[in-house]
Amino acid sequence: MVYQVYPRSYQDSNGDGVGDLRGLISRLDYIKSLGVNVIWLNPIFGSPNDDNGYDISDYRAIMKDFGTMQDFDELLKGMHQRGLKVVLDLVVNHSSDEHEWFKQSRSSRTNPYRDYYHWWPAEKGTPNKRQSFFDVKGDAWAYDPTTKAYYLHYFSRKQPDLNWENPKLREEIYSMMRFWFDKGIDGFRMDVIPFISKDTTFPPLPAQYHGDFGRYYANGPHLHEYLQEMNREALSKYDVMSVAEGAGVTQADALQFVDPARKELNMLYHFEGMGVGLVPGNKYRMRTPGRYSLLDFKRVYTKWDSIFARTGWGTVYLGNHDQPRMTTRWGDDRPEFRAPSSKLLTTFLLTMRGTPYYYGGDELGMTNIRFTNIKDYQDIETRNMYAQLKGEGGDLTKFLAAQQLTARDNGRTPFQWDATANAGFTTGKPWLTINPNYAQINAAAEEKDPNSILNYFRKATALRRQHKVLVYGQYQLLDAANPNIYAYTRTQGNDKVLVVLNFTSEKRDWALPAGLTLGGAPWLNNYPTFAAGATLALLPWQALVLPLR
Ligand code: TEU
């Protein structure tokens, strides 16, 4: 079970309003108490923070805001002493434009670092259009007057794409990976790793990828060669894990990354689940704001389970630092439904096959902050989309309304530790506004309440540790056509359990399918009561894990 920590928002120790490593060290006992065993930290490396650390200017240093290498060593030791594994973020599709490599590269056309990046000389004309995720104009080519050439940046202008065709660059990266492995880290989460290989002739974007360029970016000609090389040169030399951020990866491609026979990566997390309820290819437009089809949801997770049924290994997540809060997005964050729906989503994550990636703060049932003003946002993605839309004369009111549900900053507001000033996160001015609901929703209050969302999460992690059937058992969807209830069994040898999840804010009856016989008290129930019988009378967002005979 992986628990994701967004260090910027976890705990500040020095009052500068930004979370840091010493803050995190002070919270290790809390993390240990959750019952998870792997901690993934978002980027902690040298960075000017154009994109909160996803723009790295020094891969072998700690970001000044976060502390020093000594702090990191202490953190790693503290984690290992508690039996926790540490996974860092590997961001190597691009670097910062403030990285020494890029400074050299842009200085002249003959500089030895020129080929560390993708350059298009202006005398060849304007390069074929590539779409940028974060550029104000949406253009992934930026003109650089010093050498009269364009450089490629799929993300912001301050995130130039590295040129993986260059063997020297690749060796630098593997060596940097070995540096961190030698320090003792336990693995990497690999940022947009499917994008590293490019057709460097940069032909026109084929029509089938218009509006869905992520899928084209993920399809580079040498991608799997590079991943195999990375495995040979770095990963295979250590006892470590690897997980790809599977941007643009389809069901048909997935096993190419994680089939053990191919010797590439261990896991991949897909984006399809996050797309449920959105207009295809457009995360800013929900089909019906605040609603999604449970049938689509079930279809996606069932299909992805089947992909890894014979080989490879899956993942499951409902939120991360690029997503809104899980309870707001997939549950119902109104006061009466917030706790049961958070607990239901936790039940889902911890009873599916594959490794759960659980986002820090979700164990408290944190919710979207729903900013009303563009000035409240810190995220480059939201700010630049807004600027772009403004330039085009688009509907900014509608955009801001959609952002209340989908913007990344919703998932990045500081961790809510207690009801004291600034939620116990900082004594200074927080870098991003803290959700004012911290007075009610905070870890200290939930510690005291045996029925809190936090304590439910602990029960669920303990259950998953105790019962291997929840980890490895075969998954079988039941009642596929039911638009309100998600039910499935997990089976391993003689162990069989039934999971029943009422994904609505209403009471629902659900008839136990023929052939299933309950085998005792629920292993997990997010309500104090449970009406057993041939028909289960489910309360709003009720979640049950029931042993079967
Ligand atoms: O995200 C990759 C990615 O595809 C994003 O465009 C993502 O789809 C978008 O943020 C969703 O809103 C990774 C990181 O997780 C993200 O935080 C970085 O900003 C991005 O790469 C660039 O490094």
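Side notes on the structure shown:
- Residue list for the stretch 378-411, filter: touching a residue at least 24 places away in the same chain (Cβ under 8 Å), assigned to a loop (DSSP other than H, G, I, E, B) and surrounded by fewer than 22 Cβ atoms within 10 Å (Cβ to Cβ): GLN378, ASP379
- Under the condition of being within 12 Å of the ligand (Cβ to nearest atom) and more than 16 Å from PRO194 (Cβ to Cβ), the residues counted in the stretch 148-158 number 3.
- Residue in the stretch 43-65 that is within 16 Å of the ligand (Cβ to nearest atom), of a type in the set (Val, Ile, Thr), touching a Ser or Thr at 6+ places or on another chain (Cβ under 9 Å) and at pLDDT 95 or above present: yes
- Hey, LYS198 basic (Lys, Arg), on the phi < 0 side of the Ramachandran plot and buried (at least 19 other Cβ atoms within 10 Å of the Cβ) or not: yes
- Some residue of the stretch 139-161 being among the aliphatic types (A, V, I, L, M), outside the structural domain of LEU205 (by TED's automatic domain parsing) and modelled with pLDDT under 95: no
- Candidates SER33, SER26, filtered to the one that is farther than 28 Å from GLN159 by Cβ, without any contact (Cβ under 8 Å) to a residue 60 or more places away in the chain, more than 14 Å from the ligand (Cβ to nearest atom) and among the hydroxyl-bearing types (Ser, Thr, Tyr): SER26
- Lone qualifier among ASN111, ASN93, ASN42, ASN52 - being under 22 Å from LYS198 (Cβ atoms) and surrounded by 22 or more Cβ atoms within 10 Å (Cβ to Cβ): ASN93
- Just so you know, in the stretch 297-319 the residues that are of a type in the set (Lys, Arg) and part of a helix (DSSP H, G or I) include one that is surrounded by the most Cβ atoms within 10 Å (Cβ to Cβ), and it is LYS298.
- Some residue of the stretch 234-249 being within 16 Å of the ligand (Cβ to nearest atom), assigned by TED's automatic domain parsing to the domain that holds TYR357, under 24 Å from TYR217 (Cα atoms) and of a type in the set (Val, Ile, Thr): yes
- Among the candidates ARG262, ARG325, residue that is over 17 Å from ARG189 (Cα atoms) and within 16 Å of the ligand (Cβ to nearest atom): ARG325
- Figure legend. Inter-residue proximity from the stretch 227-249: first residues in contact (Cβ under 8 Å) with a residue 12 or more places away in the chain, second residues more than 16 Å from the ligand (Cβ to nearest atom) and of a type in the set (Gly, Ala, Ser), beta-carbon distance below 7 Å, spacing 6+ or different chains. Indicated pairs: VAL240/GLY187; MET241/GLY187; SER242/GLY187.
- Only one of the numbered conditions (1) under 16 Å from TYR174 (Cα atoms); (2) buried (at least 19 other Cβ atoms within 10 Å of the Cβ) is not met by TYR269, and that is (1).
- The residue of the stretch 280-318 that is farthest from the ligand (Cβ to nearest atom), among those that are on the phi > 0 side of the Ramachandran plot and touching a helix residue (DSSP H, G or I) at 6+ places or on another chain (Cβ under 7 Å), is GLY312.
- Options ARG178, ARG189, ARG215; residue that is touching a helix residue (DSSP H, G or I) at 6+ places or on another chain (Cβ under 8 Å), surrounded by 14 or more Cβ atoms within 10 Å (Cβ to Cβ), within 22 Å of GLN251 (Cα to Cα) and charged (D, E, K, R): ARG215
- For the stretch 122-147, taking the residues that are in contact with a Phe, Trp or Tyr (Cβ under 9 Å, 6 or more places away or on another chain) and of a type in the set (Lys, Arg), the one that is farthest from the ligand (Cβ to nearest atom) is identified as LYS129.
- All of TRP119, TRP164 fail the test of being under 26 Å from GLY214 (Cα atoms) and within 16 Å of the ligand (Cβ to nearest atom), apart from TRP164.
- Strands (runs of 3 or more DSSP E) fully within the stretch 428-539 counting 1 or more residues that are in contact with a strand residue (DSSP E or B) (Cβ under 7 Å, 6 or more places away or on another chain) and within 18 Å of MET352 (Cβ to Cβ): 474-478, 485-492, 495-502
- Residues of the stretch 6-39 that turn out to be crowded, with 23+ Cβ neighbours inside 10 Å, more than 20 Å from the chain's Cα centre (by Cα) and either of a type in the set (Ser, Thr, Tyr) or more than 25 Å from ALA443 (Cα to Cα) (or both), as a count: 0
- Hey, ALA514 surrounded by 21 or more Cβ atoms within 10 Å (Cβ to Cβ) and of a type in the set (Gly, Ala, Ser) or not: no
The values are calculated or read from the model by the stated rules, or taken from the named source; none is laboratory data. Computed from a predicted model, the values in this text were never measured in an experiment. Glycine also receives a Cβ, built like all others from the backbone with ideal geometry; neighbour counts cover every protein chain displayed.
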